Amino acid sequence: MEFWQSIAVTEMDQLIELAQLAEEVGFAGVSVADHLVKPLEIRSRYPYSEDGEPFWEADEPFPDPWVLIAALAAETSRVRLMPYIYVLPLREPFSVAKAVSSAAVLSGDRVVLGAGVGWMQEEFELVEQAFAARGRRTDEMLEVFEKLMSGAPVAHEGEFYNFDPVQMSPVPNRRIEVRIGGHSPAALRRAARHDGWVGVTYQPEELEEIVATLYEERVALGRGDQPFDVMLGHYSTRADADEYARYRDAGATSFHVPPWRYRGEEEFSFDQKRRSLEVFAERYIVPMAG
Amino acid sequence: MQFWQSIARTPTDQIVPLARHAEALGFTGVTMADHLVMPVTMKSSYPYAGGGRGATDQGTPYLDPWLLCAYVARKTESLRFLPYVYVPALRDPFSVAKSISTTALLTGDRLLVGIGVGWMEEEFALVDRPFAGRGRRTDELMAVVDELLSGQMVEHHGEHYDFGPVQMAPVPRQAPPVLVGGHSPVALRRAAKARGWLGVSYDLDAVFPILEAIRVLRSELGRSDEPFEAAVALNARPEPEDLLRLEEAGLTMWVNPVRVRRDGTPPSLDERRAALDRVAERLIVPLGG
């Protein structure tokens, strides 16, 4: 059972210390977010809020996830580092592979690629990447990604990408774990083809259904017995670990703890954040590990 | 005179010790390169023969320059960082601005941004961006980056980029200086409009006419009093007097290139450190750098 702490939309001058504290108190990983810019008007519906509106304001910080991960890698030694969630089809596969491979090399193989297909059409328009068929393109990007990560000369002929032999260097020693975000049927099928699924918040019964679907898909792919991570976002305010135990029994293997900014209206000072990490570890991480 | 050390193509495990060594010896900063992948067969020819031996061999390590800056910055105190050079036209302006702003913040404003228009046509084809017209596109792209780095709600309606109001966060208090690489007349003009020029490796005598051309361009642009950096590497090992003459002519940064052994193999960490020690002894100390 793993706990991950998000440091999304958090003050830039606190990120490093918070990641170090998270490592110290026993979190398995630290996650960061990904958005390029916020358009003044967003027509796209945000799929993870009830009213379809994004939670964040235009001036809230979204540093580049991989540059931030490189800095965090330099300042921590054990925690794993992952974007929650990196929007692959906003990019082309070469820049993605270069950033992720560099992060993996610099961190000593502590990087997880948390990837999704995105939802904000406006962002795709800004960077002139097609929004339509972004799921299929994501699949092909991941194929190209795996090829480039071999470090060998590789070529590719596909629907979206075609190239003669090229070689990327450096590449990490270990294969980079790919976990897929989103809870549409297509996202679950995609996740089953990789190393894990990353969700948001659910009732335990909903999670059971999702886990069953994921398992079916994996069995159909002949991957039913391979390791697979099921991560959901959950923030318990109870004084005991019961809630987390229920989700664990429903099939969760990792919990993603939301950033302070999304825990209601309250403002958190640095000291309050530190205290919250310590309390969280005492209440949940330690008991769940026992 | 500022002394800069190239850490391009350095094996990953040698980078931090080398950067720390450079910092301790009084080097101002380190430079690194930018390549996504190496094509196995390349029709484009590297235009800067001399400094480029081994630059385009497959398997030569090129870490992402921004990640490298952010990582090494956290392992050093005052060392500065300069991609030499990054090719914005391989990307979109939003990703470029995001990389620059995040790196500037995480290095504690120890970042300078070196850009070029690029020369490897194959790389442009891979990322599906046009090679032709990349100079003009780079100019507009960097103008957009400037707007985004203001941190304000901005819109842009230009030839290559056209978008309604968007806002980027976080941004550094001050955008890092942009220095421009290349020595074609158009590159020199682009540099003269920016905060500095980045040359490659030249014979000593070849540098003076370039610095003079830049001086004239900047004077024509009415920018003679603006802060300006000029950087080169030299084909032959310079004497202190050489650097003093260049400094008088407007050079502000001398770059110690990556050395490769005669057989083309990369030097060991000890050999690299010893090479830096010699630079410190022969140039940095005498020139009070």
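Things worth noting here:
- Sparsely packed chymotrypsin sites (Phe, Trp or Tyr not before Pro) within segment B:138-234, loop by DSSP, other Cβ within 10 Å at most 13: none
- Taking every DSSP bridge with both residues inside the protein assembly as shown, close to 15 percent are antiparallel.
- Relative contact order for chain B, counting Cα pairs under 8 Å that sit 6 or more residues apart, in percent: 21 percent
- Cα-based helix-to-principal-axis angle, A:134-148 vs chain A, degrees rounded to 10: 80 degrees
- Exercise: per-residue mean of other protein chain Cβ atoms within 10 Å, A:7-20: 1
- For the peptides A:74-81, B:280-287, the ranking by mean Cβ contacts within 10 Å, running from highest to lowest, is A:74-81, B:280-287.
- Highest-MSF residue in chain A out of A:SER49, A:SER169, A:SER236 [GNM, Cα springs under 10 Å]: A:SER49
- Amide H within-cut-off set for A:GLY196, under 5 Å, with H built and near neighbours excluded: A:ILE180, A:ASP229
- Maximal additional length on extending the A:MET12-A:GLU208 stretch stands at 66.9 nm, based on 0.36 nm per residue less the C-alpha distance.
- Under the combined filter of DSSP loop state and at most 15 neighbouring Cβ atoms within 10 Å, segment A:160-258 retains these trypsin sites (Lys or Arg not before Pro): A:ARG174, A:ARG175, A:ARG193, A:ARG238.
- A Cβ-based charge dipole, computed about the Cα centre of chain A with Lys and Arg at +1 and Asp and Glu at -1, lands at about 840 debye.
- Given +1 at the Cβ of Lys and Arg, -1 at the Cβ of Asp and Glu and no other charges, the dipole of segment A:1-49 around its Cα centre is 460 debye to the nearest 20.
- Just checking the listed ones, A:GLU140, A:GLU53, A:GLU243: in the Gaussian network model of chain A with Cα springs under 10 Å, the one fluctuating most is A:GLU53.
- Residue with peak Gaussian network fluctuation, chain B [Cα springs, cutoff 10 Å], from B:ALA187, B:ALA73, B:ALA231: B:ALA187
- Here each label is just a point 7 Å from Cα along the line to Cβ, and for B:ASP203 and B:ARG136 those points are 3.7 nm apart.
- The loop-placed trypsin sites (Lys or Arg not before Pro) in segment B:167-230, going by DSSP, that have at most 15 neighbouring Cβ atoms within 10 Å of their Cβ come out as B:ARG173, B:ARG223.
- Counting charges near B:VAL30 (Lys, Arg +1; Asp, Glu -1) among other residues having Cβ under 9 Å from its Cβ returns a value of 0.
- Using R0 = 60 Å, the C-beta based FRET efficiency linking A:THR237 and A:SER150 works out to 0.85.
- Degrees between helix A:15-25 axis and first principal axis of chain A (Cα, 0 to 90, nearest 10): 60 degrees
- With a threshold of 27 Å on the Cα-Cα distance, the over-threshold entries among A:LYS38/B:LYS193; A:LYS98/B:LYS43; A:LYS273/B:LYS75; A:LYS38/A:LYS98; A:LYS98/B:LYS75 are A:LYS38/B:LYS193.
- Peptides B:124-130, B:58-64, B:32-38 ranked from most to least packed, by the mean per-residue count of other Cβ atoms within 10 Å: B:32-38, B:58-64, B:124-130.
- Mean separation of Cα contacts under 8 Å, 6 or more apart, over the residue count of chain A: relative contact order %: 19 percent
- Computed magnitude of the charge dipole of the protein assembly as shown (debye, nearest 20; Cβ of K, R +1, Cβ of D, E -1): 1580 debye
- Using θ = phi - 60° and Karplus 6.51 cos²θ - 1.76 cosθ + 1.60, couplings along segment A:111-123 (whole Hz; Gly, Pro as x): 9, 10, 8, x, 10, x, 9, x, 9, 8, 4, 4, 5
- Segment B:ASP146-B:TRP119, extension gain: residue separation times 0.36 nm, minus the distance between their alpha carbons: 7.4 nm
- Segment B:182-263: relative contact order as a whole-number percent, Cα under 8 Å and 6+ apart: 33 percent
- Where only DSSP H runs of four or more residues are counted, chain B gives -11000 deg cm²/dmol as its mean residue ellipticity at 222 nm, each run worth -39500 (n - 2.57).
- Neighbouring partner chain Cβ atoms per residue of A:93-104, average, 10 Å criterion: 5
- Label point distance in nm, A:ALA289-A:TYR48, each placed 7 Å from Cα along Cα→Cβ: 2.6 nm
- Modelled spin labels at A:ASP59 and B:LYS43, positioned 7 Å past Cα toward Cβ, are 5.1 nm from each other.
- Counted charge near A:VAL30, where neighbours are those whose Cβ lies closer than 9 Å (Asp, Glu -1; Lys, Arg +1): 0
- Long-range HN-HN contacts of A:GLY114 with modeled amide H, under 5 Å: A:TYR86, A:ARG179
- Backbone geometry of segment A:203-210 corresponds, through the Karplus equation with coefficients 6.51, -1.76 and 1.60 at θ = phi - 60°, to 3J(HN,Hα) couplings of 7, x, 5, 5, 5, 4, 4, 4 Hz, x marking Gly and Pro.
- The mean number of partner chain beta-carbon atoms within 10 angstrom of a residue's beta-carbon across peptide B:93-101 is 5.
- Angle between chain B longest axis and helix B:134-148 axis [Cα atoms, degrees, rounded to 10]: 80 degrees
Rule-based calculations on the coordinates, nothing more; no lab input. Please read all numbers here as calculations on a predicted model, not as lab measurements. Positions of Cβ are generated from backbone atoms using ideal geometry, with glycine treated the same way; all protein chains shown enter the neighbour counts.
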